[in-house]
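Values quoted throughout were computed directly from the atomic coordinates according to the rules given, and no laboratory measurement underlies them. Not measured: the values here are computed from a predicted model. Neighbour counts are summed over all protein chains in view; Cβ atoms, including those assigned to glycine, are modelled from backbone coordinates with ideal geometry.
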Ligand SMILES: Cc1cc2nc3c(=O)[nH]c(=O)nc-3n(C[C@H](O)[C@H](O)[C@H](O)COP(=O)(O)O)c2cc1C
């Protein structure tokens, strides 16, 4: 698979088969993704991979936590700005509507939407989970480096026939994840990620998110 194909076929997969993933593949990909660039070669990413019995324990814990604290825990960063102006809020709205549309859950059915959202905390059935954390001292440039690592990882996963879904929703339960995987206090959780083989039959995977046209986000000067 070349990089174009990896990029074109990567999408957020929200329904996985329970087919196990070779641990050697995960180790290889987690290591190789660190070829991602970072400003000053600071390499600010910290990665925790969770699978097998530990993943089952985490899923069980999350069922309890969702029941105990359905609104989540005090967060350590804002997942979105307090106000998300257009066009960004429109893009966000559109992808949500496309997803719930594919699932046949109408906007008015808030309870069913919430219940479906809770599947995030079971990693959509994926057999491997990953968490990315970062030192609290790091600023926006280093956080952008995390994105480079994570996209590299997701493309490398495609090359192995695997799929993924980045999951910022885990930032809603930072204390639980900190305790479970032992993130030290000087680091904070950025995101989780579900990893596995996509279930083609899952309607959630029928969604192809849209992108703004080129002219809306790029200006070419002198070419
Ligand atoms: C950092 C990050 C966090 C995300 N968090 C979630 C999440 O918590 N749950 C979810 O279902 N999708 C999540 N997504 C997936 C986005 O919704 C998705 O990338 C976007 O809608 C574009 O769709 P695509 O990935 O299929 O191209 C996240 C993506 C990124 C990059």
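Can you tell me how much longer the chain between residue 160 and residue 7 gets when fully stretched, taken as 0.36 nm per residue apart minus their C-alpha distance, in nm with one decimal?
Values: separation 153, 0.36 × 153 = 55.08 nm, distance 1.31 nm.
My answer for the length gained is 53.8 nm.
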Quick one: if the Förster radius is 30 Å, what FRET efficiency do residue 25 and residue 57 give, using the C-beta to C-beta distance and rounding to 0.05?
0.85
Likely footprinting exposure, 9, 176, 219, 64, fewest C-beta neighbours within 10 Å first
219, 64, 9, 176
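Relative contact order of the chain: what whole-number percent is it, with Cα pairs under 8 angstrom and at least 6 residues apart?
Working: 289 pairs, mean separation 87.1, N = 223.
Over the chain, the number comes to 39 percent.
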Difference of contour (0.36 nm per residue) and Cα-Cα distance, residue 91 to residue 214:
42.8 nm
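Would you kindly calculate the mean projected area, averaged across all directions, of the convex hull enclosing the Cα atoms of the chain, in square nanometres?
Values: hull surface 56.7 nm².
The directionally averaged projection comes out at 14.2 nm².
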Relative exposure of 109, 199, judged by other C-beta atoms within 10 Å (fewest first):
109, 199
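Counting other beta carbons within 10 Å of each Cβ, put 169, 132 in order, fewest first. Each step should come with its number before you reach the end.
Working: 169 15, 132 21.
Result, fewest neighbours first: 169, 132.
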Let me have the relative contact order for the range 134-223, percent, based on Cα pairs under 8 Å that are six or more residues apart.
30 percent
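Can you tell me how the range 43-136 classifies by the Cα gyration tensor, rounded, prolate or oblate, using a/c under 1.5 as the rounded cut?
Working: a/c = 1.81, a/b = 1.24, b/c = 1.45.
In terms of gyration-tensor shape, oblate.
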If you stretched the chain out fully between residue 116 and residue 83, how much longer would it get, using 0.36 nm times the residue separation minus the C-alpha to C-alpha distance?
9.4 nm
Protection proxy ranking of 30-42, 184-196, 68-80 - average other beta-carbon atoms within 10 Å, highest first:
184-196, 30-42, 68-80
